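Step one of this worksheet: look at the structure below.
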Amino acid sequence: MHAPVPAIEVRGLAKTYPDGFQALKGVDLDIRSGEIFALLGPNGAGKTTLISIICGIVNPSAGTVRVSGHDIIRDFRAARSLIGLVPQELTVESFESVIATVRFSRGLFGKPRDDAHIEKVLRDLSLWEKRDNRVMELSGGMKRRVMIAKALAHEPKILFLDEPTAGVDVELRRDMWEMVRRLRESGVTIILTTHYIEEAEEMADRIGVINHGELVLVEDKTRLMKQLGRKELSVHLQSPLAAIPSALAGRPLELADGGHTLVYSFDAQAEESGIPDLLKALGENGIDFRDLRTRESSLEEIFVNLVRARA
């Protein structure tokens, strides 16, 4: 039995720009057919450069990329026709109607006209009612939908979503997640870059973390969320404490803000958070509080911890 050909196979990929900036440093990555792969990383980590090289927009300085077995340089046309890309920037200030814009995208890939497919894509994205509107008249959220429709017009087998929900409303975010799941069920491989941990948590099968142009790790989502899923509860006290009372010793507590805040760390994935017990213990020890806030570890903190752990 031969192993199935990966949807995307990246080997030794590097990119150095003319000003000497090294955007990617020897990246190796396999993305499996039919999976949803989330690429996480802070701004400037190399996410967009990696996608741009795979999609044939930027030339690599070194290394190879194959898309379903097709080399992206030697066999550019075949590789590119398998890919749909929804870039981060909105680039659809068109005078054309929505339907004409999406049809045109299909034609760019040499695909014959297929009104049924275009209608299905527009309906899936709640754009059918707006099909005759000029793109430039639409809201930002609707323009984002048009860009997704354009990327799907030629029936790609692999879809890249670069920060798909940056600056979009909650409703569109939910719609997009729903659509991504449907596409995956139809056999499309999906790669999304995101800043939002909850997006990766909601959607992805596997997660890759990129930082300073290096792939720090690639991990199964559920395993990674266990590593990442730290939460903090900040308890803002009525009167400051000089030290953590002995009755509360043994709990993961720290004093902050000059003794005005107790910070309690817990595992977001655990069955029991321990918060009710903590609040009860505070009451029993006469420690009054004004306010409670929970906070999940930010991506930045997670990267720092991951990078430290692997240094």
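Residue count for the stretch 145-184 under the criterion of being in a helix (DSSP H, G or I), of a type in the set (Val, Ile, Thr) and closer than 25 Å to residue 41 by Cβ: the result is 3. Among residues of the stretch 36-56 that are among the charged types (D, E, K, R), those with a Cβ under 7 angstrom from a residue that is at pLDDT 90 or above, sequence gap 6+ or separate chain, pair up as 47/39. Within the stretch 235-252, the set of residues being within 30 Å of residue 198 (Cα to Cα) and modelled with pLDDT under 90 comprises 251, 252. Of all the residues in the stretch 229-272, those that are exposed (fewer than 15 other Cβ atoms within 10 Å of the Cβ), under 17 Å from residue 291 (Cα atoms) and aliphatic (A, V, I, L, M) number 1.
Please go through the stretch 185-214 and give me each residue that is part of a strand (DSSP E or B), under 12 Å from the mean Cα position of the chain (by Cα) and hydroxyl-bearing (Ser, Thr, Tyr), ordered by number.
Listed by number, the residues that qualify are 193, 194.
Count of the stretch 67-94 residues, restricted to those that are under 20 Å from residue 16 (Cα atoms) and within 24 Å of the chain's Cα centre (by Cα), is 1. Among the residues of the stretch 91-140, those identified as without any contact (Cβ under 8 Å) to a residue 40 or more places away in the chain and aliphatic (A, V, I, L, M) are 99, 100, 116, 118, 121, 122, 127. Which one is farthest from the chain's Cα centre (by Cα) among residues in the stretch 104-152 that are of a type in the set (S, T, N, Q) and over 25 Å from residue 191 (Cβ atoms)? Among residues in the stretch 104-152 that are of a type in the set (S, T, N, Q) and over 25 Å from residue 191 (Cβ atoms), the one farthest from the chain's Cα centre (by Cα) is 133. Residue 62 meets each of the listed conditions (1) at pLDDT 95 or above; (2) farther than 22 Å from residue 146 by Cβ; (3) surrounded by 15 or more Cβ atoms within 10 Å (Cβ to Cβ) apart from (3).
The values are calculated or read from the model by the stated rules, or taken from the named source; none is laboratory data. Because the structure is a prediction, the values reported are computed rather than measured. All Cβ positions, glycine included, derive from the backbone under ideal geometry; neighbour counts span all protein chains shown.
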